[in-house]
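Below is one structure; the comments refer to it alone.
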Amino acid sequence: MRKCACGQADRGLSDSSYDLPAVDVATPYGDTERRDKLMLTADTTITSGLTRTHITGGGGVRLYVVETGNPSGRPILFVHGNSQSWLTWRRQMSSDLANDYRLVALDLRGHGQSDKPREGYADPLLWADDILAVTRELHMEQPVLCGWSYGPIVILDYVREYGEDDIGGVSFVDGLTKLGSNEALSVVTPEYLSLVPGLFATEAEESVRSLTSLLRMCFVEEPSSEDLYLMLGYNVAVPPYVRQALFSRSLDNDDLLPTIRKPVLVVHGAQDAVVKPAIVDQYKATIAHAQIQVMLGAGHAPFWDDAETFNEHLRTFCESL
């Protein structure tokens, strides 16, 4: 394994009691200042009272991190997916999990209020260093790493580089474990694949149409217009070159998964329209001790579709450690 290169707050994160940012699709999509202002507006209206900080991750990239909950509780680090934001986890950060656990969520490199370099997305060590930097800087002892969609890829980058000794367990939520092969594509739905060219588009209207379709694909029941608009805001805040770079990686963690010793929780929405629920069979085959929870009535984002049940699964898992 290689070496690193690199307060409690109030829980008033309501789902719709904020001023929504204006998404102007006529604005040139390459306008970084516009995107960052959009993200800042959305974030600031929701994080009032939460602990917010920037931490230097791999290669000197500044990562934006938000924290709430019980400072004495076991830490849970939430890792979002491609084109998303820490705001993905609002229904966890504002839940009763905060009574017992220290809840931390970050914006991955290229996302939200973290730095958005042109390069630095292909090297697994940089992703591993990002996670290591957050856990070390915040003195997170034996955290649970909880990743959604692309998030498990980042978590596995960390495990491959630094092992499991310093973590308490991992949770994979509707997650991918490999990229860049026909086998990797086999677990992704054709409906999602049809959106990919638009997700990489630099033309504003085409990109926004594809992002909107992707968001609607994530949920069994479409979120309110207010919530959907906020989600679109933090998706638009991610430059297209970041989305493309993340999915241009080629990797396969089939060799790593059977070696994981720490507890593993796999949660998957039974109606996931992005990552086929059949991927659960792959988890069963490669991580024999994994706890599996298939959530009926939930889609690609079960932590949003049925936050109460998801939070209970996560609580039960953490209590078992």
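The values are calculated or read from the model by the stated rules, or taken from the named source; none is laboratory data. Given the structure is predicted, the values throughout are model-derived calculations rather than measurements. Cβ sites come from the backbone with ideal geometry, for glycine too, and all protein chains shown count toward neighbours. Each accessible area value is taken on the protein alone, full model and side chains, heavy atoms only, with ligands, DNA and RNA left out. Shrake-Rupley method; radii C 1.70, N 1.55, O 1.52, S 1.80 Å.
Geometric descriptor of the range 125-255, per residue, is 133 Å³ (volume of the convex hull of the Cα atoms). For residue 276, the aspartates and glutamates whose Cα falls under 14 Å of its own Cα, not counting residues fewer than eight places away in the same chain, are 174, 183, 191. Accessible area per residue for the range 243-315, computed on protein heavy atoms with a 1.4 Å probe, is 42 Å².
Rolling a 1.4 Å probe over the protein heavy atoms gives the range 43-112 an accessible area of 24 Å² per residue. Distance from the Cα centroid of the range 272-313 to that of the range 65-124 is 19 Å (rounded to whole angstrom).
Ignoring aspartates and glutamates fewer than eight residues from residue 178 along the same chain, the ones with Cα atoms less than 14 angstrom from its Cα are 157, 252, 254, 255.
Counting heavy atoms of the protein chains only and a 1.4 Å probe, report the per residue accessible area for the range 155-231 as a whole number of Å².
40 Å²
Across the range 53-108, the mean sequence separation of Cα contacts (distance under 8 Å, 6 or more residues apart), normalised by length, yields a relative contact order of 45 percent. The overall shape of the range 227-308 is oblate: from the C-alpha gyration tensor, with semi-axes ordered a ≥ b ≥ c, the ratio a/c is 1.5 or greater and a/b is no larger than b/c. How many percent of the accessible area of the range 218-321 is carbon or sulfur, using a 1.4 Å probe? After summing per-atom areas, the C and S share lands at 50 percent. Residues whose amide H comes within less than 5 Å of that of residue 269, counting only those at least five positions distant or on another chain, are 174, 295 (H built at 1.01 Å from N in the peptide plane). Given their separation in residues at 0.36 nm each and the Cα-Cα distance between them, residue 252 and residue 189 gain 20.8 nm when the chain is fully extended.
Summarise the accessible area of the range 52-189 (1.4 Å probe, protein heavy atoms) by the percent that is carbon and sulfur. Reported share for carbon and sulfur atoms: 42 percent.
Within 10 Å, count the other beta carbons around each residue, average over each peptide in 63-72, 192-201, and list them highest first. Intermediate values should be presented prior to the final figure.
Details: 63-72: 20.3, 192-201: 16.1.
For the peptides 63-72, 192-201, the packing ranking is 63-72, 192-201.
Among 245-257, 289-301, the peptide with the highest mean count of other Cβ atoms within 10 Å heads the list, and the full ranking is 289-301, 245-257.
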